[in-house]
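Okay, structure first, notes after.
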Amino acid sequence: MKTIESFGVVGAGLMATQLVLLVADKLRVPTLISDLSPDRVSSALHRIRGHLEKQEYRGRLQPGEAAEIARLIRGTTDPSGFRRCDAAIEAVFEDQKTKRTVFRQLEESIAPDALLLTNTSSLSVTGMARGLRHPERVLGFHFFNPVAVLPLVELVRTPFSSSPALLTAGDLAKRLGKTAVPVADTPGFVVNRLLTRLFSEILAEIDKGGDPATVDRSLETWGLPMTPLHLIGYIGPAVQRHICDTLHRAYPDRFSRSASLTAVVEAGLPGFFDENGKVPQAALILPPEPHEVDPDRVRRRVRDALAQEAQLMLDEGVIATWEDIDRCMTLGANFPPGGLTRLLAT
């Protein structure tokens, strides 16, 4: 098992800056953030320093800690800057070709035994590792937003994954204060596969002409942290459509492409609801005939779909046990205690 004494993050967006903050704070090791654009790197470093100063002002860091942590963090646009990193994680645009390019560049600089991690939410980790000189050290290390709050990391293994890499990644997750749940490399892994199955059933009701607000409220009795459409707004409609498309390609019989979600994305809307909680006209799909929403029927539909998807994941060996599924959904999706098992029993 390799000791992580320096760390790198590729990307300078929201998730990347959250990862830098987590690593520098929890590990207190030199931490590098990189991007193609010097302006994006500079902007990310500015946001990071601002966040640290706020944390110290609010008493969540001791006096002087913000400056101490900030000194550990530096930025670069040069991939060769990763040569001293014991591990690096990519958090760039969710595109397989882009991520493969990142790993090929990293492999030119980083040590042969350094971990190469991806924060992908749905793409093939095996595809990213294939063709590299050392594919055995490539793993999925999927965090959930907000990184500082949600304790789950989906630790995604591939057919190439070595035992030392898995042990090192598991220890890294523990040092970061996270719970690593091992999962196989399949589209959507566990949390996003189950959430997207839920979204698919909800969106299908809306695509048939069901009132979005009424459909959305159908699951309120389950006590989820957000209703489905509000969660899509939090994730980002374009991001969620990308995940839906990935899962549709893998499992077209169970994951459909949604006309209403596409309408929201193409209209440039931030979600299904505006700032007043109203559904914009651009988000409404007009069916040939009105579709009356029965909340009880919607709940049964979603419950049956989730039960089916969870059992399929167990049968396929994506995850080991129902307990692990519940752990993923409580720690990664903030489901109430008992996770999916409790929800299916209601």
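Residues in the stretch 292-327 that are in contact with a Leu (Cβ under 9 Å, 6 or more places away or on another chain) and β-branched (Val, Ile, Thr) were compared, and the one that is farthest from ARG197 (Cα to Cα) is THR321. Between LEU32, LEU27, LEU19, the distinction of being of a type in the set (A, V, I, L, M, F, W, C) and surrounded by fewer than 21 Cβ atoms within 10 Å (Cβ to Cβ) belongs to LEU27 only.
Okay, residues lined up against (1) part of a helix (DSSP H, G or I); (2) farther than 12 Å from LEU139 by Cα:
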| site | (1), (2) |
| --- | --- |
| ALA165 | yes, no |
| GLY170 | yes, no |
| PRO182 | no, no |
| LEU195 | yes, yes |
| GLU201 | yes, yes |
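Take the stretch 25-47 and flag every residue that is outside any helix (DSSP H, G or I) and either within 22 Å of LYS99 (Cα to Cα) or β-branched (Val, Ile, Thr) (or both). Passing the criteria: VAL29, THR31, LEU32, ILE33, SER34, ASP35, LEU36, SER37.
You will find that of VAL279, VAL293, the residue that is surrounded by 18 or more Cβ atoms within 10 Å (Cβ to Cβ), part of a loop (DSSP other than H, G, I, E, B) and touching a Phe, Trp or Tyr at 6+ places or on another chain (Cβ under 8 Å) is VAL279 and no other.
Regarding LEU219, is this residue surrounded by 18 or more Cβ atoms within 10 Å (Cβ to Cβ), within 18 Å of the chain's Cα centre (by Cα), among the hydrophobic types (A, V, I, L, M, F, W, C) and within 26 Å of GLU323 (Cα to Cα)? Considered against the rule, which asks whether it is surrounded by 18 or more Cβ atoms within 10 Å (Cβ to Cβ), within 18 Å of the chain's Cα centre (by Cα), among the hydrophobic types (A, V, I, L, M, F, W, C) and within 26 Å of GLU323 (Cα to Cα), LEU219 comes out as no. Name every residue in the stretch 205-258 that is part of a helix (DSSP H, G or I) and either outside the structural domain of LYS278 (by TED's automatic domain parsing) or basic (Lys, Arg) (or both), in order of residue number. Answer for the stretch 205-258, where residues must be part of a helix (DSSP H, G or I) and either outside the structural domain of LYS278 (by TED's automatic domain parsing) or basic (Lys, Arg) (or both): ARG217, ARG241, ARG249.
Of the listed requirements (1) exposed (fewer than 15 other Cβ atoms within 10 Å of the Cβ); (2) of a type in the set (S, T, N, Q); (3) over 30 Å from PRO187 (Cβ atoms), GLN96 misses just one: (3). Within the stretch 155-196, which residues are in contact with a Lys or Arg (Cβ under 8 Å, 6 or more places away or on another chain) and more than 20 Å from GLY317 (Cβ to Cβ)? Within the stretch 155-196, PRO164, THR168, ARG175, LEU176, GLY177, THR179 meet the criteria.
The values are calculated or read from the model by the stated rules, or taken from the named source; none is laboratory data. Computed from a prediction, not measured in an experiment: that's the story for all the values here. All Cβ positions, even for glycine, are placed from backbone atoms using ideal geometry, and neighbour counts span all protein chains on display.
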